[in-house]
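Visitor: Dumping the structure here so I can ask a few things about it.
A short reminder: the numbers here are calculations on the coordinates, not readings from a lab. None of the values given here were measured: they were computed from a predicted structure. All Cβ positions, glycine included, derive from the backbone under ideal geometry; neighbour counts span all protein chains shown.
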């Protein structure tokens, strides 16, 4: 049974496949904080952790969904020329309706995070601010734009770590990895509409390599299982081939596919985090979100 047109349009604005990758951030952060192991090892005694994890999952759904909705709200006029197939220029959703949806999602995300801790509330508020800043201003900035977008994703990982507020001081630096990775994707995406210059694409490839080296160093430092490197190899196999194909031809369609692969592969990146700080089993559990995200990407746009 097909979805009602308005509901489908709202879901298209929220980009469900991307939201699944944001949930993976929360699970990876929970693994880094130690909360995930605590939850599984003594379920009956850790109802608070389990409930708080659910609150943070709901929070990231609101924050990510609201952020990407406002992306289309701010780009409404530009999309009339460049992407007329999107819900707002198509006429399925008005700019006002989009703004209301985005506002409800962002506020809802912040309120859900507030149920966990003050730290979670502060981080969620910062993520919402960074998302709006990127939508309204950052995306038009050559250097600061990718960094701005990366801050949103790094903050989302910190939101997962805030499940144990004390762990933020120990593992805040982990947020630098998704910041660099998202900066790479944002750099690559610049040519998605009109075609890209190879310098930006090669720059993205270089940042991808920095991320992989950082993850490998982290795994070695934490004396992780060899399974981590299996996840890491899978990660590399997902992001490099479409990017190198885009570099060879620099066509908008190929760049779009490279961006899509980069976004969805955030789940594999988070599986690496989970396997480093918990175990390969936890990494595999996070990885199970991948087919869900890929499936949703068949019906709803990622970029």
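Visitor: Give, in nm to one decimal, the length gained when the segment between residue 281 and residue 136 is fully stretched (0.36 nm per residue of separation minus the Cα-Cα distance).
Guide: 48.2 nm
Visitor: Here's something else I'd like to know. Tell me, in nm to one decimal, what length is gained between residue 221 and residue 92 on full extension, where the rule is 0.36 nm per residue of separation less the Cα-Cα distance?
Guide: 41.3 nm
Visitor: Would you calculate the separation in nanometres between label points at residue 77 and residue 122, each defined as 7 Å from the Cα along the Cα-to-beta-carbon direction?
Guide: In this crude label model, residue 77 to residue 122 measures out at 3.8 nm.
Visitor: Tell me the relative contact order for the stretch 5-297 as a rounded percent, counting alpha carbon contacts under 8 Å between residues six or more apart. Walk me through the numbers on the way to the answer.
Guide: Details: 482 pairs, mean separation 67.0, N = 293.
Relative contact order of the stretch 5-297: 23 percent.
Visitor: OK, next. Can you tell me the length gained on complete extension of the stretch residue 172 to residue 114, counting 0.36 nm per residue apart and subtracting the Cα distance?
Guide: Working it through step by step, the gained length comes to 18.9 nm.
Visitor: Order by neighbour count: 86, 15, fewest other Cβ atoms within 10 Å first, most last. Intermediate values should be presented prior to the final figure.
Guide: Numbers: 86 19, 15 25.
Least crowded to most crowded, the residues run 86, 15.
Visitor: State, to one decimal in nm, how far the label point of residue 85 lies from the label point of residue 298, with both points 7 Å from Cα in the Cβ direction.
Guide: 1.7
Visitor: Highest GNM mean-square fluctuation, the chain, Cα pairs closer than 10 Å: which of 80, 251, 12?
Guide: So, out of 80, 251, 12, the one fluctuating most is 80.
Visitor: Within the stretch 60-76, find all residues whose amide N lies under 17 Å from a label point positioned 7 Å from the Cα of residue 99 along Cα-to-beta-carbon.
Guide: 66-76
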